Structure formats: C-alpha cells, structure tokens
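So the structure is just underneath, and the comments pick up after that.
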Amino acid sequence: MMLSILNKFLRVTRKKGDEWKDVVFPQKKNTFLIKCLGLLVIFISLSIFWDKVGNAIPRINFLGGLINLLLIGLLIVFWLGTTYLSIKGYLALFKRNKSWIANNLAYMIGSLKLYDEEYFETTNKDKVVREKRITRVIRIKYKETDKHVFVRIMRDGDRFTSEATKLGENLESSLGLELDSTNQTVHYAEYVFLKHKDERIALDSTVTSVNDSDEIKITGNISYELHKVPHSLIVGGTGSGKSFFILGKIVSYLKLSPQADLRIIDPKKADLSLLRFVTGFENKVATEANQICRILRETVELMEQRYTDYFNDVSAFGKTYRDFGLPPVIIIFDEFSAFMHSVDKKVAKEALDYVFTLVMKGRQAGVMIEILMQRPSADDLPTNIRAQMGFKAGLGAMDSIGYNMIFDTNNVEYKTVIEKGGGYIQIDGKHTAPVYFETPYIDKEFDFIAEIENLMQGR
C-alpha cells in the first residue's frame with residue numbers, strides 16, 4: 001500500500017514535457033491560508049503514521065538492540081522521504097497550469113479580450129443584480145521541452161478560429177521567445193518557439209565532422225542533410241550577405257567526404273567567376289552563354305550516366321548516390337535572372353530545360369543545383385522549378401511579395417531584417433513555414449580563395 005502511495009506522488013511530481021496542458025482563464029487564485037492548512041494536514045497525518053508504526057516495532061534484545069536501532073533508522077529515513085514527497089506533490093497541485101508560460105498566455109488572453117461575456121441577472125437580498133460572466137474563452141494548449149515551447153490555438157469554429165492564425169507576433173511578445181516555425185491544420189494553429197535564441201555559428205562549424213555524414217549546419221539550431229535536400233534557391237540583393245553565404249557554402253561542400261564536385265556559373269563575371277583561376281576548377285567555371293549551356297548539358301549527361309551505371313537493376317532499389325560512394329555534383333548558378341534576360345529566348349529555353357531536368361531527376365544520382373538571384377521573379381524561375389527547391393532562403397529586407405514568391409506562402413508575418421546576413425529560411429523536412437536566421441559568421445580577414453585552393457589541393 002505504501003508503495004502505491006509513493007508511486008502516486010512520483011507520478012504527480014514527475015516532469016511531463018510531452019503532455020499538452022490547457023491555459024486556464026480567468027486564473028483561480030489560491031490563498032496562502034489554504035496552502036498552510038493543507039500542509040498542516042499532511043504533517044499531522046504523517047506524524048500519526050510515524051507514531052503508530054514506531055510503536056509497532058518489536059523490542060528485540062538480540063545483539064543488544066542493534067537491529068531495533070537499525071529499524072528505527074530506516075523508519076526515520078522512510079518517514080522523512082514520505083514527508084518530502086507528500087509536500088512536493090501537494091505543492092505541485094497548486095502549481096499545475098501556473099507555469100510562467102500559462103501565466104503569460106492567460107495575460108495575453110485578457111489583454112486582447114480573447115473571450116466572450118454576457119450579462120446575467122441574479123437576485124441578491126430581493127434586488128435584481130446584473131453581472132457580467134465569461135461564457136467563452138479562446139482555447140490554448142501548450143507544452144514545453146528542453147529546446148522548444150509549443151503553443152496550439154484551437155480552431156473550434158467560433159470567432160476565434162480566424163484569430164488563431166494571426167497571433168504569432170502577440171505570442172512572441174507575450175512569451176518573450178523567438179518564433180521558430182508555425183503549422184496550421186483544420187483543428188489548430190501551432191506555434192513553435194525557441195527557448196534559447198538561435199546562435200550564429202562560425203564558418204568552421206558548418207560541416208558535421210561525424211563520419212559518413214553530409215550534414216550542413218546553417219545556425220546553431222538549423223541544419224540539413226545534403227542528400228535529403230539537394231536543390232537550393234537563395235535570393236538576396238546587394239549588401240544582403242548573399243555572396244559571403246554562397247562562398248561559405250562552397251567551402252562547406254569542399255570539406256565533405258567525398259569532396260563535392262562543383263561547377264560554377266556566373267554570367268555577370270563577378271566574384272564567383274574568379275574561381276576559374278583556382279587549380280581544379282579548370283573548365284568548371286562558366287561566364288558566357290555557350291559555356292553555361294555546355295556545363296548544364298554535361299552535368300545532365302553525367303546524371304544520366306550515373307543512372308545507367310548504378311541504377312540499372314533491382315539491387316539499386318532504395319539506394320542513392322551515397323550508397324555507391326559517389327561525390328555530390330553541385331552546380332552553383334549565380335545571377336540566374338540576369339542570365340535569363342541577357343540571352344535570346346532559344347538559349348534561355350535550352351538552359352531552363354536543363355535546369356528542370358536536374359531538379360526533377362538529380363536527387364537520387366547526387367546531382368544538384370543552387371540558384372542564386374538578386375530579386376525574386378516568378379517569370380524568370382517557373383513554379384515547377386521553385387517547387388522542387390528543398391532549401392529556400394531570402395536574405396536582406398524585402399517586401400511580402402518577394403517572400404511569397406520564394407516560399408510560396410502568404411500567411412507569415414515577416415519582421416524587418418536589419419542584420420547583414422539575416423533573412424528567412426525554409427528547409428523541407430525541417431520547417432513548415434519560413435523562419436528567421438542569420439548566415440554563418442565569417443571573419444573579414446578570411447581569405448576564401450586561399451581556403452578553397454587548400455581544400456582543392458587536399459582532395
């Protein structure tokens with residue numbers, strides 16, 4: 001019986017981070033007197049238990065009462081432990097739904113008047129009194145883990161259903177936490193918050209050092225596996241940090257094992273075009289239209305050859321290029337919009353057809369493409385290609401139309417980006433909506449060309 005009592009108290013006091021809790025509004029206030037009376041009852045009950053059990057211990061004379069002394073000692077330890085668990089369990093009942101999360105969410109409900117009231121008439125000493133009563137409250141659930149706080153606004157078909165998807169900014173302010181992602185279903189709108197601010201990492205930390213891993217880290221909390229998220233779209237104007245970001249990704253790809261096979265397309269002949277002077281990049285950097293189409297064509301041919309060589313019978317079922325030890329082949333296509341506007345329609349269509357083939361078939365064969373643009377344009381990059389981009393990032397400040405083109409969503413509240421290298425990111429399998437992030441930190445004195453040369457020589 002005592003064992004079952006202890007188990008009950010342990011269940012009460014055990015942390016249950018995986019359970020959803022309801023936010024109660026209005027919150028009930030517990031008086032200090034009630035708490036004291038409860039503690040007194042627990043203490044008296046346990047004292048009576050101690051007295052009854054203590055008197056029941058037989059007086060054993062064997063070995064001079066040593067065994068009797070040992071029993072008394074064990075009983076004292078048991079009594080003190082039971083008292084501690086009882087008091088802790090009792091106080092836990094009062095703390096239920098009284099966490100800082102519940103308190104702050106209840107305060108938000110009151111501040112935003114997310115409840116309905118009606119007047120009721122009551123009789124008090126033969127007088128009719130009208131008083132307001134809360135008849136309906138928005139339903140909010142929450143749970144807490146080591147890294148996140150999850151908040152669900154229930155959509156019950158009442159007037160709060162439309163409000164449920166618009167509370168991101170209010171929740172951020174109420175909890176004082178950074179919104180990590182959102183998820184919307186028929187039944188609820190879910191908001192996921194980071195308990196600790198995401199850290200901006202150094203470039204040296206972007207590649208996971210675990211053997212056989214192709215994980216690329218973007219921030220302290222955001223990372224992805226290259227073979228699961230093969231194609232990327234990165235948009236950012238002058239001063240957004242886009243150039244440093246892509247150079248950093250190039251360094252990360254060259255640190256992979258096996259080292260990535262990179263092909264660079266830079267129609268504006270900007271910084272990326274200078275990689276043609278690095279040993280190992282001969283014939284892999286294109287700046288002219290004919291060179292660009294050649295690299296795209298050769299990469300498509302390589303992809304098809306991989307399918308012929310490695311995926312030609314049933315033994316390849318479920319396998320990817322990694323199972324055959326093949327290096328990823330990555331095309332980095334900078335200034336995509338500029339290229340599409342600088343060539344005739346025939347060349348543009350040819351290049352676009354190659355890009356479409358790569359994004360549709362390249363993942364399993366390990367052939368990937370990263371498209372970089374200064375401004376988002378649905379005309380330059382068709383929807384059927386954008387939809388295949390598992391990694392999407394928008395750097396720097398841009399309007400909602402630009403974000404909507406990149407992420408194909410129009411129900412996200414975007415904050416103004418003021419930090420260079422800051423922006424929004426969405427990775428398939430990681431995010432259900434774009435989240436704010438900051439690109440890896442790169443020291444101003446860092447020499448990209450020298451680092452890339454060293455990595456190419458060590459391949």
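The table for this structure:
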{"quantity": "Qualifying residue in the range 127-147 (condition: of a type in the set (S, T, N, Q), touching a residue at least 12 places away in the same chain (Cβ under 8 Å) and either under 30 Å from F448 (Cβ atoms) or not assigned by TED's automatic domain parsing to the domain that holds P440 (or both))", "calculated": "yes"}
{"quantity": "Selection status of T219, outside the structural domain of I250 (by TED's automatic domain parsing) and of a type in the set (S, T, Y)", "calculated": "no"}
{"quantity": "Filter result for Y307 (in contact with a Phe, Trp or Tyr (Cβ under 9 Å, 6 or more places away or on another chain) and among the aromatic types (F, W, Y))", "calculated": "no"}
{"quantity": "Selection count, the range 382-395, where residues are out of contact with any Asp or Glu (no Cβ under 9 Å at 6 or more places or on another chain), outside any strand (DSSP E or B) and either buried (at least 22 other Cβ atoms within 10 Å of the Cβ) or of a type in the set (D, E) (or both)", "calculated": "0"}
{"quantity": "Yes/no for T432 being in contact with a Ser or Thr (Cβ under 8 Å, 6 or more places away or on another chain), surrounded by 13 or more Cβ atoms within 10 Å (Cβ to Cβ) and not aromatic (F, W, Y)", "calculated": "yes"}
{"quantity": "Entirely in the range 163-237, the strands (runs of 3 or more DSSP E) that have 3 or more residues that are more than 26 Å from W100 (Cβ to Cβ)", "calculated": "215-217, 223-225, 232-236"}
{"quantity": "Test for D380: is it assigned by TED's automatic domain parsing to the domain that holds S273, over 25 Å from D266 (Cβ atoms) and at pLDDT below 90", "calculated": "no"}
{"quantity": "Residue check for E370: of a type in the set (D, E), more than 21 Å from G402 (Cβ to Cβ) and not in a loop (DSSP other than H, G, I, E, B)", "calculated": "no"}
{"quantity": "Options I449, I442, I418: the member that is of a type in the set (V, I, T) and farther than 29 Å from E172 by Cβ", "calculated": "I449"}
{"quantity": "Selected residue (only one of I401, I406 is outside any strand (DSSP E or B), crowded, with 20+ Cβ neighbours inside 10 Å and of a type in the set (V, I, T))", "calculated": "I406"}
{"quantity": "Condition met for V359 (in a helix (DSSP H, G or I) and either without any contact (Cβ under 8 Å) to a residue 40 or more places away in the chain or buried (at least 20 other Cβ atoms within 10 Å of the Cβ) (or both))", "calculated": "yes"}
{"quantity": "Test for K319: is it more than 29 Å from N454 (Cα to Cα) and basic (K, R)", "calculated": "yes"}
{"quantity": "When residues of the range 175-224 are limited to those that are hydroxyl-bearing (S, T, Y) and in contact with a helix residue (DSSP H, G or I) (Cβ under 8 Å, 6 or more places away or on another chain), the one modelled with the lowest pLDDT", "calculated": "T206"}
{"quantity": "Selection status of S86, modelled with pLDDT of 70 or more and either hydroxyl-bearing (S, T, Y) or in contact with a Ser or Thr (Cβ under 6 Å, 6 or more places away or on another chain) (or both)", "calculated": "no"}
{"quantity": "Residue in the range 308-320 that is within 20 Å of H231 (Cα to Cα), buried (at least 16 other Cβ atoms within 10 Å of the Cβ) and either in contact (Cβ under 8 Å) with a residue 24 or more places away in the chain or assigned by TED's automatic domain parsing to the domain that holds I369 (or both) present", "calculated": "yes"}
{"quantity": "Single condition G237 does not satisfy, out of (1) assigned by TED's automatic domain parsing to the domain that holds Q364; (2) touching a residue at least 60 places away in the same chain (Cβ under 8 Å); (3) in contact with a Pro (Cβ under 9 Å, 6 or more places away or on another chain)", "calculated": "(3)"}
{"quantity": "Qualifying residue in the range 116-129 (condition: closer than 30 Å to T416 by Cα, at pLDDT 90 or above and either part of a strand (DSSP E or B) or within 20 Å of the chain's Cα centre (by Cα) (or both))", "calculated": "no"}
{"quantity": "Among (1) of a type in the set (D, E, K, R); (2) assigned to a helix (DSSP H, G or I); (3) without any contact (Cβ under 8 Å) to a residue 12 or more places away in the chain - the single one D379 does not satisfy", "calculated": "(2)"}
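The values are calculated or read from the model by the stated rules, or taken from the named source; none is laboratory data. Note that the structure is predicted; figures quoted are calculated from it, not measured. All Cβ positions, glycine included, derive from the backbone under ideal geometry; neighbour counts span all protein chains shown.
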